[in-house]
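A short worksheet on the structure shown next.
The values are calculated or read from the model by the stated rules, or taken from the named source; none is laboratory data. From a predicted model like this one, the values you see are computed outputs, not experimental measurements. Please note that ligands, DNA and RNA were not included when accessible areas were found on the heavy atoms of the full protein model with its side chains. Shrake-Rupley method; radii C 1.70, N 1.55, O 1.52, S 1.80 Å.
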Amino acid sequence: TILIGFEIKVGSFPSKDTGELVEYSNRIIRCITDVGSDGTHIGFAPFEEKIKRTDLARYLNITDNDTNVDNVLKTLINKPVEFQYAPRNGVLAVVGFKPVNSK
């Protein structure tokens with residue numbers, strides 16, 4: 001799985017309960033993978049995952065702010081990465097993301 005880019009999604013929305021503005025900062029991580037290739041699925045296929053900035057900072061073990069997260073993601077473009085998934089509320093969700101160390 002190779003990181004090919006990401007999209008920054010930052011903004012705010014009003015809370016349904018209180019009307020207060022709720023800030024958000026997410027990243028849409030875009031990758032290609034050849035995991036699952038077989039006789040009818042040839043080569044790489046694109047996919048994307050939306051991850052909260054705070055989660056990405058935790059997964060990458062860096063200080064949580066937009067600049068740090070974006071700078072680390074930029075260094076990972078065109079490099080192998082790994083997602084970890086686990087059931088959350090009945091569906092598989094991203095619970096980890098890290099670069100794959102080359103040997």
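Key figures
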{"quantity": "Mean ellipticity per residue at 222 nm, deg cm²/dmol - from DSSP H runs of n ≥ 4 across the chain, formula -39500 (n - 2.57)", "calculated": "-5500 deg cm²/dmol"}
{"quantity": "Accessible solvent surface per residue of the chain, calculated while the other protein chains remain in place, 1.4 angstrom probe, Å²", "calculated": "69"}
{"quantity": "Area of K9 that stays accessible when all protein chains are in place (1.4 Å probe, Å², to 10)", "calculated": "90"}
{"quantity": "Candidate lysines for bridging to K50, where Cα separation is under 23 Å - those fewer than 8 sequence places away on the same chain excluded", "calculated": "K9, K16, K74, K79, K98"}
{"quantity": "For the chain: relative contact order, % (alpha-carbon pairs under 8 angstrom, 6 or more apart)", "calculated": "24"}
